[in-house]
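**Student:** This structure is in structure tokens; I'll ask about it shortly.
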Amino acid sequence: MKRGACYRDEGQPSSDGRVQCGAVSPDLRVTADAPSTSACAREHEGETSIERASGRLSPSMTVMRRGAMESLYTCCAGLDVHKQTVVACLLRPAEGSESEAKEIRTFGTTTTALVELRDWLRAAGCTHVAMEATGSFWKPVHNILDGHCTLLVVNAAHMRALPGRKTDVRDAEWIATLLKHGLLRASFIPTREQRELRDLTRTRTSLIDERSAAVNRIQKVLEDANIKVAGVATDIMGKSGRDILAALLEGEMDAAAMANLARGKLRRKRDALEQALEGRMGAHHRMLIALHLEHVDLLDEQIARISAEIAERLRPYEAALVRLESIPGVGRRTAEILAAEMGLDMERFPTAGHLASWAGLCPGVHESAGKRKAGKRRAGNKALRRALTEAAHAAARTKKKDHTYLRGQYRRLVVRCGKQKAAVAVGHTILRIAHHVLAHETTYQERELVQLDDHRRARMQQRALAQLKALGYDVALTPKQPAA
């Protein structure tokens, strides 16, 4: 887009694709770097053009609202963080004038280079620094600058770049400009203690996934050897399964002898297990199974070490973990993940809705022309959403005699929404319950079936009345007398 182009108030082009000239809003004016030469600019003398093609103004422009937008910070900086470089733009008053001085420098991402960045900002008197949350690259910068200035880690989606004008320098300028005028909202950065706990729980989850992959590889080798033990035994890595695998590694090929190694309930299936163990085990099969079993044992040891460290760090918060475990579907491991991801102090989330929105579990909103359309939910916290979805599936599998509200909610929704959407909806409910039990320091209390039926009956009455009123009827409800 040319610098002299002038937009209407709505910022919309005409039907033929060309931008038409229109009046500029008196509440929003822009001073450009260079004078415009377009016909629109000459026609509206004293007013300059507005660039709204991407939804924001150019970084090289100063936004004016009834004169000049108020600057909240006199000396601030914006950082464009990358893997190996950090581009910094420092904004501060120029010496001896009322204009603004802009200084741009590029630093490395090593500790020594980041210390130089910190010293440069401190020497300039910088009080506020903003940077994008780009993967994990922001963490080293945050570690060095934390405590030396007011540090904002902001969502990169809130700062759109103009097409054809995106450079690292312009990104840093735009971040600094938005920060100066107070147009940035800081993301939630937990304390160092909670961040360390997150590292432990997320690493444990990765190790559990890796262990599952190793067990699947063992199953693949057994299938290649015509051994169908996984079709009979629920857990091939249980005590009976490990004994059978050990016998196979020792060269045992008698299916009846290996079937007698079954324990517990599996002994009832010895005939089926004997048929499943008839196979063609080769030398390379034994070598692969031995390697995979060693890998599984190593992962089990690492998972146990991390779990012990997590339990030790959460020992002072045992009461809060017990409250979370009172929710159907939430076990100790899930409670630990909830404590690491969202924390146990609910003061930072005023309501359960704020927590659900931050976690990315609330429904998306897309409304246009008074019509609400299907909206995508936000990405949110993926680790927290995964834990809540697993808890939802666990709550849906509770026994029928142990009726729970979450199980009933899942069974109602799965019919019309499918398993995945129903699990997300139940996970949303679990998260709201978790906020309640932590904020009020109470345990989960299951509602009785009579209460659920009364609530459902009231909802049905309200829905029926609303439909009749929409058709133009005035309805008065008269309870029916019970039969004698």
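**Student:** Decide, for segment 254-360, between rounded, prolate and oblate: order the square roots of the alpha carbon gyration tensor eigenvalues as a ≥ b ≥ c, take rounded if a/c falls under 1.5, and otherwise choose prolate if a/b is larger than b/c, else oblate.
**Tutor:** Prolate, since a/c reaches 1.5 and a/b exceeds b/c.
**Student:** Tell me which lysines have Cα within less than 24 Å of LYS373's Cα, excluding those fewer than 8 residues away on the same chain?
**Tutor:** LYS419, LYS421
**Student:** Cα centroid distance between segment 354-406 and segment 116-146, in Å?
**Tutor:** Here the two parts' Cα centres lie 35 Å apart.
**Student:** Now, a different point. Is segment 193-315 rounded, prolate or oblate when judged by the Cα gyration tensor, a ≥ b ≥ c being the square roots of its eigenvalues, rounded requiring a/c under 1.5 and prolate requiring a/b larger than b/c?
**Tutor:** Taking the square roots of the gyration eigenvalues as a ≥ b ≥ c, segment 193-315 is prolate.
**Student:** Work out from phi, with θ = phi - 60° and the Karplus expression 6.51 cos²θ - 1.76 cosθ + 1.60, the ³J(HN,Hα) of each residue of segment 422-431, listed in order in whole Hz, and give x for Gly and Pro.
**Tutor:** Each residue of segment 422-431 in turn: 5, 5, 5, 5, 5, x, 4, 5, 4, 5 Hz.
**Student:** Between segment 195-241 and segment 76-113, how far is it from one alpha carbon centroid to the other, in angstrom?
**Tutor:** Computed from Cα coordinates, the inter-centre distance equals 49 Å.
**Student:** With each label point set 7 Å from Cα along the Cα-Cβ vector, what nm distance links HIS403 and ILE104?
**Tutor:** Simple spin-label model gives 6.7 nm for this pair.
**Student:** If amide H atoms are built 1.01 Å from N in the plane of the peptide, which residues on other chains or at least 5 residues away come under 5 Å of the amide H of ALA101?
**Tutor:** Under 5 Å from the amide H of ALA101: ARG92, ALA94.
**Student:** So how far apart, in nm, are the two label points at HIS148 and LYS265 if each is 7 Å from Cα heading toward Cβ?
**Tutor:** With each label point 7 Å from Cα toward Cβ, the separation is 6.0 nm.
**Student:** Just to check I understand the Karplus step: with θ = phi - 60° and J = 6.51 cos²θ - 1.76 cosθ + 1.60, what whole-Hz values come out for segment 242-256, glycine and proline as x?
**Tutor:** Taking θ as phi minus 60°, the curve returns 5, 5, 5, 5, 5, 5, 5, 5, 7, x, 5, 10, 7, 5, 5 Hz for segment 242-256.
**Student:** Can you list the HN-Hα couplings for segment 344-359, worked out from phi with the Karplus curve (6.51, -1.76, 1.60; θ = phi - 60°), rounded to whole Hz and with x for Gly and Pro?
**Tutor:** Calculated HN-Hα couplings, in order: 10, 9, 8, 5, 6, 10, x, 9, 5, x, 4, 5, 5, 5, 5, 6 Hz.
**Student:** Determine which residues of segment 365-407 fall in the zone a paramagnetic label at ARG348 would reach in this model, i.e. backbone nitrogen under 17 Å from the point 7 Å along Cα→Cβ.
**Tutor:** It comes to 380-385, nothing else.
Coordinate-derived values only; no laboratory data. The model shown is predicted, which means the values in this text are computed figures rather than measured ones. Every residue, glycine among them, receives a Cβ derived from its backbone with ideal geometry; neighbour counts consider all protein chains shown.
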